[in-house]
Amino acid sequence: MTDFHTDEVPAERGPLLHEHTQRLSYADTDPAGILYYAAWFPRMEALQTEYLFLNGLRQDTLLERFGWWTVSRATHCDYLLPAKLFDEITVELRVGKIGTSSVRFDFEMWRRADNALVATASNWLVSVSPDQRPIRLPAVLRECLVGKDG
């Protein structure tokens, strides 16, 4: 997206990893036809899961293949503009920050009709051992986030 419609675009944005466009449906909205606030979270999770899946990191096989898995520690969403029934929204996934045992994924939700940023969000994903203790971010996951040279 090049023509930002709002001043809310994050100053430091990680590289775009993945995106998906979808038209909002009736089930996404409240009685006034405005997007129900919690509808962003399933879209964020689906995009993040798809990106990891496309890079060989299936959530359902991480433990048996690698001996670790991931859990969400926290999520946050800022609602900037209303999104309404039948709006086409592109959700973008970016790496926000990589820590010792976690990664913050950043999301931007763009309304296609007017190129307006309607929401921004983050999800902190932690790599954990089978007994749910944080572990150092595994190399295969780090490579998925920054590439083999990063």
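The values are calculated or read from the model by the stated rules, or taken from the named source; none is laboratory data. Because the structure is predicted, anything quoted here is derived from the model rather than measured. Methodologically, a virtual Cβ is constructed for each residue, glycine included, from the backbone with ideal geometry; neighbour enumeration extends over all protein chains shown. With ligands, DNA and RNA removed, areas are computed over all heavy atoms of the protein, side chains included. Shrake-Rupley method; radii C 1.70, N 1.55, O 1.52, S 1.80 Å.
Can you give me the pair-distance distribution of the range 44-109, C-alpha pairs, 10 Å bins, whole percents?
Per 10 Å bin, starting at zero, the Cα-Cα P(r) for the range 44-109 comes out as 16, 46, 27, 10, 1 percent.
Taking amide H positions as placed 1.01 Å from N in the peptide plane, with prolines and chain starts having none, which residues 5 or more places from LYS97, or on another chain, fall under 5 Å of its amide H?
Answer set, sorted by chain and number: ARG104.
Step through the residues of the range 17-31 one at a time and calculate ³J(HN,Hα) from phi using the Karplus curve (6.51 cos²θ - 1.76 cosθ + 1.60, θ = phi - 60°), rounding each to whole Hz and writing x for Gly and Pro.
Whole-Hz 3J(HN,Hα) from phi for the range 17-31: 9, 6, 8, 8, 10, 8, 7, 5, 10, 4, 5, 7, 10, 8, x.
Largest first, how would TYR51, TYR26, TYR79 line up by accessible area (1.4 Å probe)?
Largest to smallest exposure gives the sequence TYR26, TYR79, TYR51.
Roughly how big is the chain's charge dipole about its Cα centre, with Cβ charges of +1 (Lys, Arg) and -1 (Asp, Glu), in debye to the nearest 20?
Dipole magnitude for the chain comes out near 560 debye.
Which whole-number value in Å² is the accessible area per residue of the chain, probe 1.4 Å?
In whole numbers, the chain has 57 Å² accessible per residue.
In percent, what relative contact order does the chain have, based on Cα pairs under 8 Å that are 6 or more apart in sequence?
Dividing the mean separation by the residue count of the chain yields 27 percent.
Residue by residue, what Karplus-based ³J(HN,Hα) values in Hz, rounded to whole numbers, does the range 95-107 have, using 6.51, -1.76 and 1.60 with θ = phi - 60° and x for Gly and Pro?
For the range 95-107, the Karplus curve yields 7, x, 8, 10, x, 5, 10, 9, 9, 9, 8, 10, 10 Hz.
Between helix 40-54 and the chain, what is the angle of the helix's C-alpha long axis to the longest principal axis, kept within 0 to 90° and rounded to the nearest 10?
Helix 40-54 and the main axis of the chain meet at about 40 degrees.
Quick one: if you stick a label point 7 Å off each Cα along the C-beta vector at PHE86 and GLN132, how many nm between them?
Those two pseudo-labels are separated by 4.6 nm.
Around ALA83, which amide H atoms from residues at least 5 apart in sequence, or from another chain, sit under 5 Å from its own amide H, with H modelled in the peptide plane?
LEU35
Which FRET efficiency value, to the nearest 0.05, do you get for THR21 and ASP60 by plugging their Cβ-Cβ distance into 1/(1 + (r/R0)^6) with R0 = 30 Å?
Rounded to the nearest 0.05, the efficiency is 0.70.
For the range 69-84, just list the computed ³J(HN,Hα) in residue order, Karplus coefficients 6.51, -1.76 and 1.60, θ = phi - 60°, integers in Hz, with x standing in for Gly and Pro.
With coefficients 6.51, -1.76 and 1.60, one gets 8, 10, 9, 7, 8, 7, 9, 8, 9, 10, 8, 9, 9, x, 10, 10 Hz.
How much of the accessible area of the chain, in percent, comes from carbon and sulfur atoms when a 1.4 Å probe is used?
The value for the chain is 51 percent carbon and sulfur by accessible area.
Once every DSSP H run of n ≥ 4 in the chain is given -39500 (n - 2.57) and the sum is divided by its residues, what mean residue ellipticity at 222 nm do you get, rounded to the nearest 500 deg cm²/dmol?
It comes out at -5500 deg cm²/dmol, rounded to the nearest 500.
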